[in-house]
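All of the numbers you see were taken from the coordinates with simple rules; none came from a lab. All values derive from a computational prediction rather than experimental measurement. Every residue, glycine among them, receives a Cβ derived from its backbone with ideal geometry; neighbour counts consider all protein chains shown.
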């Protein structure tokens, strides 16, 4: 066993340019081997393998949510109670599980079979409520289906997952026909013209590719909307250090579940995008940093990379799939770099920027999955063709995820600038009466139904409307929802995910959470409302990374736009 | 032409080596900071040292801000003060910052910041969260006073490289851990106390100093550690003639603030009743006090007698590990040149 361990650990370490980067994969491996627990012995083994202190391993283990330093049951039931889950009735599932198992959230059944946890955002927003059982997702859960699941697990079986949802593609660039059983295979992808773009790219000069991508004006699909081609040109010229490309697949913004659609069903598109981009940037080693909860999707990516390698597509680059450990902040590019270097995912102070000082202190580009998946189309068809899709300054296709109170939640690939109304209609229309809508993932300002009228879904239009396109994760909130409760759910997420490094984010999210809970539970005072607004105003722009803003903006919008709802709950 | 910046309208020349915080402090401009420690460099975590810079939208942390030519900086605008007040208020809200009973009262950077910002009552309160850890021999950890500035962790890992302290958990639950979250006394900590010296508040303090004296009662005396030949510079904190605590002298050679467990905490011997204060000579099986002349004459005569009877190689010299190089040199000179033997050794060799 120990020898087998050593061999496996060595294999993991060998994947990385630096040993420290292997720390999380080694910990993940050891935890899996050890009944899903990283006990003191496993901590010691990991420390020895990496050559670091036990404290460092423990610090990492307790930073990321997916490591269990304490014992967990054979089946770890994790119910996503974050905003999308909340809108879809996750609380009911959680309450049912508490009753059925006779335990409270956070406890383990006496027989050691089940541990029940409430977790934050699993990226299954249109297919909620979702329960993650160890490494597997069970989506579209109902009370009845939960009973079936528990009974099956008790008898040692695992039922099939039902990930069904509405899928519409108007552009057919990023999404493929997932109804085909072989949609993930190289053969299927090549049969539809796949890897032709890479072939073309390899015949071009790297600078020409960069110029074409810059010309196309692909704006970063992770949420910031910064032009990818411009980001590429920030890399220093004539630098002797190696360049790294990191594909940011740490999809964790509540309301967002678009990248997994590409990775899970059309993995070769992303592989081709990374292959072209790596060639353009002269990156010999590239990483896909995927959130650890998407373990099975990481397997799909690894299989696709293997296939592409065997087919001779990846002779110029080595692509490593790196699984995160459960942390929202690691979606920030500098936190992601820190995490990939084998540390706690604390964002770095900028400057220096990753283009000059990124992974291992080398020039680094971090691009989102959807961004990189646009690259094959741009190279194959040219920047001009890409610009024909969408609207001025906001070009190309965009995957919108629609969740919350709509009749047919799902995933929609539409041109940039498509009216919100059209997307919501494709999603079967609003269930009940719309109270508000969050159009770009949880960290953007909520729009009232009135404000959302006539909104077009592109970066500039959303900015103009006082919100942001963000990741394009649309959450519809109908009039059955209490906004103070929604605000409490929102801050719970950010407080849970704050890295804890800087004071305004760490302590600010804590105090806001306390105050909102007081208000929701009837202990609030009128001045608490102003205190919350005072905090959000000052936290915005004061934190080390954008996370402070990511909660200050939505909380401020919810409180100021729906203030009467908050006032109605507090004692006069 | 010389490059310059303006802080609150005052002009300062810059040479590209100093941050805005350093320039301000050197020139008597007060900017509070909690996580910045000179020898560890900027951390940008507490966000208390923010300033306003013309042309930059967000407030900037002065500890990490490298000035560029012509930069105009305001350290005390209403916006800056409001942000700083909020940060200090947030820190005061969390935990139990009861100055009355705190060992660091009067020597606390959080207290100083609150005082300067005019915060009398914290604006919000959330419950305390951690038990005190008194398990270690010399250091007490009080998580309720910890502001998670990370200085102790950096000091442990980067300065003394003992790699014991780490940040555990995250977000509002972030706290300092020893090894895999063991009590300090059960961990691999060697009690060097570097973390205590780095702590800006009362979260880490000396067990031996508890109740012994307040900062304003303290007289500080600089001296050289007597334990070994390195010559570490110490600052004794005395109340009357009693040591309350010992600190390493920051910025002084050779130790730049570091001390080992002996130098920092091993000072009880100076008050020991068994400590020798005069030479003793055994007469009739009993030690009796003697003068230095008496003692040295006795030893010299005995040496002479032994050399005469058995030759110089019947004598050997063993020097002390605490001796400095110069003393060890003299010791061997004495034995080789005056006594005439090569029998010399050193106690730490055995």
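Among B:136, B:203, B:300, which one shows the highest mean-square fluctuation when chain B is modelled as a Gaussian network with alpha-carbon springs under 10 Å?
B:300
Using bins 10 angstrom wide from zero, how does P(r) for region B:223-350 break down, in % of all Cα pairs?
11, 26, 32, 22, 9, 1
Measure out, as a whole number of angstrom, how far apart the alpha-carbon centroids of region B:79-149 and region A:3-33 sit.
41 Å
Restricting to bridges with both residues inside the protein assembly as shown, how much of the DSSP beta-bridge set is antiparallel, in percent to the nearest 5?
Counting only bridges with both partners in the protein assembly as shown, antiparallel ones make up about 60 percent.
Send over the semi-axes of region B:137-181's equivalent ellipsoid, whole angstrom and largest first, taken as the square roots of 5 times the C-alpha gyration tensor eigenvalues.
Whole-Å semi-axes of the equivalent ellipsoid: 17, 13, 10.
Residues of B:41-52, mean number of Cβ from any other protein chain within 10 Å of their own Cβ, rounded to a whole number? Don't skip to the answer; put the middle values down first.
Working: counts 0, 1, 4, 7, 9, 5, 9, 1, 0, 3, 0, 0.
The mean count of partner-chain Cβ atoms within 10 Å per residue comes to 3.
May I ask for the equivalent-ellipsoid semi-axes of region A:306-391, computed as the square root of five times each C-alpha gyration tensor eigenvalue and listed largest first in whole Å? Could you put the intermediate results ahead of the total?
Numbers: eigenvalues 153, 74, 35 Å².
The answer is 28, 19, 13 Å, longest axis first.
Once you place label points 7 Å from the Cα toward the Cβ at residue B:273 and residue B:313, how far apart are they in nm?
4.8 nm
So how long is each side of region A:2-63 along the principal axes, counting just the alpha-carbon atoms, biggest first, in Å?
25, 21, 16
With a cut-off of 20 Å, note down the residues of region A:62-76 whose backbone N falls inside the zone around a label point 7 Å from the Cα of residue B:130 toward its beta carbon.
A:62-65, A:69-70
If you take the Cα atoms of chain B, find Rg, then find the Kirkwood Rh from the mean of 1/r over all pairs, what is Rg/Rh?
Working: Rg = 27.0 Å, Rh = 24.2 Å.
Here the Rg-to-Rh quotient is 1.11.
Please give the FRET efficiency for residue B:13 paired with residue B:54, using the beta carbon to beta carbon distance and R0 = 22 Å, rounded to the nearest 0.05.
0.75
Which value in Å does the Kirkwood hydrodynamic radius of region B:1-124 take, with 1/r averaged over all unlike C-alpha pairs and then inverted?
Value: 15.3 Å, from the Cα pair sum.
Over the Cα atoms of region A:75-154, compute the convex hull volume and normalise it per residue, giving Å³.
Taking only Cα atoms, region A:75-154 has a hull volume of 73 Å³ per residue.
Kirkwood hydrodynamic radius for region B:151-252: how many Å is it when counted over pairs of different Cα atoms?
15.2 Å
What residue among B:57, B:104, B:151 shows peak mean-square fluctuation when chain B is described by a Gaussian network model with Cα springs under 10 Å?
B:57
Please find, in a Gaussian network model of chain B (springs between Cα atoms separated by less than 10 Å), the residue of B:112, B:131, B:294 whose mean-square fluctuation is greatest.
For chain B, modelled as a Gaussian network with Cα springs under 10 Å, the answer is B:294.
In region B:294-349, what is the volume of the convex hull around the alpha carbon atoms, normalised per residue and reported in Å³?
82 Å³
Can you give me the three principal axis dimensions of region A:390-478 from its C-alpha atoms, in Å, biggest first?
35, 24, 21
With N denoting the number of residues in region B:223-266, provide Rg(C-alpha) divided by 2.2 N^0.38 Å, to two decimal places.
For region B:223-266, the normalised Cα radius of gyration is 1.07.
Starting from the Cα coordinates of region A:483-569, work out the convex hull volume and express it per residue in Å³.
Once divided by residue count, the hull of region A:483-569 is 69 Å³.
Can you give the Rg and Dmax of region A:305-356 based on its C-alpha atoms, in angstrom?
Just the Cα atoms of region A:305-356 yield Rg and Dmax of 14.5, 41 Å.
For region A:231-272 and region A:180-225, compute the distance between their C-alpha centroids and round to whole Å.
Centre-to-centre distance over Cα atoms comes out at 12 Å.
Averaged across the residues of B:179-186, what count of C-beta atoms belonging to other chains lies within 10 Å of each residue's C-beta?
Whole-number average of other-chain Cβ neighbours for B:179-186 is 5.
In square nanometres and to one decimal, what's the mean projected area of the convex hull around the Cα atoms of region A:425-466?
Values: hull surface 12.9 nm².
Computing the convex hull of the Cα atoms and averaging its projections yields 3.2 nm².
For the protein assembly as shown, take every pair of Cα atoms, bin their distances at 20 Å starting from 0, and report each bin as a whole percent.
Percent of Cα pairs in each bin: 13, 40, 31, 11, 4, 1.
So what's the Cα pair-distance distribution over region A:355-440, bin width 5 Å, in %?
P(r) for region A:355-440, in whole percents per bin: 3, 12, 17, 17, 13, 13, 11, 7, 4, 2, 0.
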